[in-house]
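Below: the structure, in C-alpha cells.
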Amino acid sequence: QVQLVESGGGLVQAGDSLKLSCAASGRTSSNYAMGWFRQAPGKEREFVATISSTLSTTYYANSVKGRFTISRDNAKNTVYLQMNNLSLEDTAVYYCAAARIYGMLYRDRDVDYWGQGTQVTVSS
C-alpha cells in the first residue's frame, strides 16, 4: 500500500508560478512511475505530466509543455510539479498518481494509487 499526499496548491494570478509536491509513504519504492493529473470543474480528469521509475524520463500534455516541469527525489520519496506562467485554464484539482509499471504513467487505468488532490486556482 502506498499513500500519496499532495501539497502546494493555492490561489495565484495568471502568469504566476506554483510548485506542487507529492509525498509518498507506505510501501514506497523508486520503482513506481509517477504522474500528475488534473480535473477542472465540469470536465473529465486529464493527464498533465509523468516521470518514469527508472531513467526519470518525462512526458507532458501538450497544454502544459514548456510551462510545467515534473521531477522526483527518490531519497525523499517525493515528486514535484513546477508550474510556470499559469493561465486560467490551469485551474483544477491536481492529483498525484503512482503505478508499479515500467515506463511512464499517463493513463487513468494504469494508476494503482491516487492522492487526495490539491486545488489550484488561477485568477485574472
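Here, each number is a calculation from the coordinates, and none is a lab measurement. Here the structure is a predicted model, which is why all the values come from computation and not from measurement. Positions of Cβ are backbone-derived with ideal geometry, glycine not excepted, and every protein chain shown enters the neighbour counts.
Rounded to the nearest angstrom and listed largest first, the equivalent-ellipsoid semi-axes of the stretch 1-40 from its Cα gyration tensor are 26, 10, 9.
Computed about the Cα centre, the dipole magnitude for the chain is approximately 240 debye when only Lys and Arg (+1) and Asp and Glu (-1) carry charge, each at its Cβ. The trypsin sites (Lys or Arg not before Pro) of the stretch 62-124 that meet both conditions, a loop assignment by DSSP and at most 12 other Cβ atoms within 10 Å of the site Cβ, are 65, 76. Applying the Karplus relation 6.51 cos²θ - 1.76 cosθ + 1.60 with θ = phi - 60° to the stretch 37-51 yields 3J(HN,Hα) values of 10, 8, 9, 8, x, x, 10, 6, 5, 10, 6, 10, 7, 8, 9 Hz, where x marks Gly and Pro. Amide H contacts of residue 112: 98, 99, 100, each under 5 Å away and 5 or more positions distant or on a separate chain (H built 1.01 Å from N in the peptide plane; Pro and chain starts excluded).
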